[in-house]
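Structure, as structure tokens:
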Amino acid sequence: MVLLGDMGTGKTSLVLRFVKGQFYDFQESTIGAAFFSQVLSINEATVKFDIWDTAGQERILSFEPKNGFKNSRDKEKKIVNSIHPTNCGSYVIRGNPNLVMVLVANKIDLEIKREVDVEEGARYAQDNGMFFIETSAKTAHNVNELFYEIGDFIEEV
Ligand code: GTP
């Protein structure tokens, strides 16, 4: 599993919540990438997650002009376009029909600062062949569900 997303969106926090049950209000920014591993028992199967937590995407998509993104939402679209299975010109991951993509809307506890409503998020995910889930690494809302859903899907195929 590779976590992609803008700086500060909570990628490390989601993994730490899942793997260690921890959350830090002042989580340090990831430099380069960090690796985590976690095993889940799903139905009769054991699923081992090897998780690469990347630094904020500008550093990954460093070929992009600095002013290419207006906000986090634009950045997500740029990432999705670059990894989408139908995009053979991908810079990040070459097209792979077995790729499971999940659009995660984190920090759902900060409802008052919401910029994208749930319908728009779900529609965008559906249009791009992704699962959609809203999470909070802070409250742990839907964090285990996120990983169980993916494990469940992998276990079925
Ligand atoms: P980079 O490593 O810079 O790419 O950032 P990141 O995407 O890994 O984000 P990180 O986990 O470092 O979290 C950034 C900040 O957001 C930290 O201060 C976290 O405490 C905070 N944060 C992460 N998830 C949540 C959440 O669900 N709710 C709230 N309120 N804050 C969160």
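Numbers below:
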quantity: Those residues of the stretch 113-141 which are within 24 Å of residue 21 (Cβ to Cβ), within 13 Å of the chain's Cα centre (by Cα) and open to solvent by 40 Å² or more (accessible area, probe 1.4 Å), in sequence order; calculated: 131
quantity: Residues of the stretch 99-142 satisfying the condition of being under 17 Å from residue 6 (Cβ atoms) and basic (Lys, Arg); calculated: 107, 113, 114
quantity: In the stretch 99-112, the residues that are open to solvent by 70 Å² or more (accessible area, probe 1.4 Å) and in a loop (DSSP other than H, G, I, E, B); calculated: 107, 110
quantity: Total residues in the stretch 10-50, condition in contact (Cβ under 8 Å) with a residue 24 or more places away in the chain and either open to solvent by less than 40 Å² (accessible area, probe 1.4 Å) or basic (Lys, Arg) (or both); calculated: 16
quantity: Residues satisfying the stated conditions in the stretch 8-46, i.e. farther than 19 Å from residue 135 by Cβ and more than 12 Å from the ligand (Cβ to nearest atom); calculated: 35, 37, 39, 41, 43, 44, 45, 46
quantity: Unmet criterion (only one of (1) in contact with a strand residue (DSSP E or B) (Cβ under 8 Å, 6 or more places away or on another chain); (2) surrounded by 14 or more Cβ atoms within 10 Å (Cβ to Cβ); (3) modelled with pLDDT of 80 or more) for residue 60; calculated: (3)
quantity: Count of residues meeting criterion [among the charged types (D, E, K, R) and either in a loop (DSSP other than H, G, I, E, B) or touching a residue at least 12 places away in the same chain (Cβ under 8 Å) (or both)] in the stretch 113-157; calculated: 9
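The values are calculated or read from the model by the stated rules, or taken from the named source; none is laboratory data. Given the structure is predicted, the values throughout are model-derived calculations rather than measurements. In this analysis, Cβ positions are derived from the backbone assuming ideal geometry, glycine residues included, and neighbour counts consider all displayed protein chains. Just the protein is used for accessible areas: all its heavy atoms, side chains included, with ligands, DNA and RNA removed. Shrake-Rupley method; radii C 1.70, N 1.55, O 1.52, S 1.80 Å.
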